[in-house]
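Structure record follows, encoded as structure tokens.
The values are calculated or read from the model by the stated rules, or taken from the named source; none is laboratory data. Given the structure is predicted, the values throughout are model-derived calculations rather than measurements. Here the Cβ is made from the backbone with ideal geometry for all residues, glycine too, and neighbour counts use every protein chain on show. Keep in mind that these areas ignore ligands, DNA and RNA; they rest on the heavy atoms of the full protein, side chains included. Shrake-Rupley method; radii C 1.70, N 1.55, O 1.52, S 1.80 Å.
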Amino acid sequence: MNQDSLIDAKPANDANSTLAVHGGEARQKLADSVTDPIVCASTFTFENTQSVIDYIEQQQPREEYGRYGNPGEKIVEKKLAALEGGEEAILFASGMAAIVGLFMSKLNAGDEVVFFDECYHRSREFCSKHLARFGVVTRQVPACDYDAMESAITPNTRLLVSESPTNPHLSIIDLERFAAIGKRHNVETLIDATLATPYNVRPLTYGVDYVLHSVTKYLAGHNDLLAGAIIGSQDQLESIRNLRGIMGAVNSAHNIYLLQRGLKTFALRMERHNQNGQAVAEFLESHPRVEKVYYPGLASHRDHTIAHNTMRGFGGLITFLVKQADWKETAKIVDAVTVPRIAPSLGGVESLIEQPLVMSYYECTPQERRQFGIPDNMIRLSCGVENAADLIQDLTQAFNA
Ligand SMILES: *Cc1c(COP(=O)(O)O)cnc(C)c1O
């Protein structure tokens, strides 16, 4: 198989692993190396004046200045586009940089955005605190309330936004229905699929316009770098790429190398995250000290049917409530585990645990926490790639401690 056929291939059910290893990469590389070089350059040289003019007039594909990207970034962008089944990908320096870049390049004063209210705290903050300063109106509607979303659309609406699965409630969006609402009203649609990854679902195949990732999480997968990405059609991404060059939210060559290396094992890691998530969620659901488990792979989850029909697996993130516990008793369980580390973030090889009330919503009022659906007894656990039996044994001793 040559490189082009790999890049263009729509991955079959189990082809993600091949794309993760080879997608976007040339068969023969510099110095016959099997890996791509780290090109540490802030600028790129031209042979003479005529070659500068040729570059500008003929727009030959080559590097010019580091803020517009670097050779490693181009390779990883092709790999991500291949994994997601999209025409093109744009990498950013973080997931939030990708969100800000997309909103700032697509929205003008007077435009409106409708988004489902279960979402990453900082995405909501950017909408409510910052887009408003530029005259953009954002409307929150309850997650998975498609009628409310459709009713909130006005002639000024430009973008419908959701995560799937949502964070931390792990609600699953009916992507076909979500995309259809956008098409019916001629409004573009964006899914933040950070928690799903292209291993578990590919929103573009349902007609969604833009897929966004905090690449920091599962795609990079090692809790050692920040990156973000947007995948979609070349036409629709062009204005975003231009703004990225002005924002300067690009990745360093070293960061990109780590990301490319991490992506090689993406499919292998996801397989284990899915297995661990399912096993630990089933254990938690059966435990007498657990009041409720949010995990789309459980039959008890509200969106289990849609998740089962559209996703290959459900990832490593589990949210659960401790029975009859206040915030301090809940914190005791977090403090008693010995395998997962206490930290924000998710999707890396190391399991991480946190109490959302403390980690992300400590400065909110109790009313705000109620509004965002963050009870005092909530724990969020990101299962890494350790052995499920070790995670279960550790949680068992933490509940008994
Ligand atoms: C972490 C996260 C982000 C932000 O990404 P960064 O890489 O941390 O900037 C956005 N959306 C979701 C769903 C996330 O989990």
Quiz item: Of the residues Arg244, Arg177, Arg184, Arg202, which is open to solvent by less than 30 Å² (accessible area, probe 1.4 Å), among the charged types (D, E, K, R) and more than 10 Å from the ligand (Cβ to nearest atom)?
Solution: Arg244
Exercise. Within the range 131-141, identify whether any single residue is touching a residue at least 24 places away in the same chain (Cβ under 8 Å) and of a type in the set (Ser, Thr, Tyr), and answer yes or no.
Key: yes
Self-check item: Matching residues, the range 87-109, being under 15 Å from the mean Cα position of the chain (by Cα) and either closer than 29 Å to Phe46 by Cα or part of a loop (DSSP other than H, G, I, E, B) (or both)
Solution: Ala89, Ile90, Leu91, Phe92, Ala93, Ser94
Practice problem: Would you please list the contacts, defined by Cβ atoms under 8 Å and residues six or more apart or on different chains, that run from a residue in the range 260-278 that is outside any helix (DSSP H, G or I) to a residue that is not acidic (Asp, Glu)? | Solution: Lys264/Ala20; Lys264/Val21; Thr265/Ala20; Thr265/Gly221
Practice problem: Could you tell me whether any residue of the range 75-88 is modelled with pLDDT under 95 and open to solvent by 40 Å² or more (accessible area, probe 1.4 Å)? | Solution: no
Quiz prompt | Some residue of the range 37-57 being at pLDDT 95 or above, more than 28 Å from Thr310 (Cα to Cα) and part of a strand (DSSP E or B) | solution = yes
Quiz item: Would a scan of the range 110-124 turn up a residue that is within 15 Å of the ligand (Cβ to nearest atom), modelled with pLDDT under 95, part of a helix (DSSP H, G or I) and open to solvent by 20 Å² or more (accessible area, probe 1.4 Å)?
Solution: yes
Self-check item: Looking only at the range 206-224, and only at residues there that are under 22 Å from Asn309 (Cα atoms) and more than 10 Å from the ligand (Cβ to nearest atom), the one that is surrounded by the fewest Cβ atoms within 10 Å (Cβ to Cβ)
Solution: Gly207
Quiz prompt | Hits in the range 303-338 - residues which are more than 22 Å from Pro356 (Cα to Cα) and touching a His at 6+ places or on another chain (Cβ under 9 Å) | solution = Ala307, Gly313
Quiz item: Among the residues of the range 225-241, which ones are in a loop (DSSP other than H, G, I, E, B) and within 12 Å of the ligand (Cβ to nearest atom)?
Solution: Leu225, Leu226, Ala227
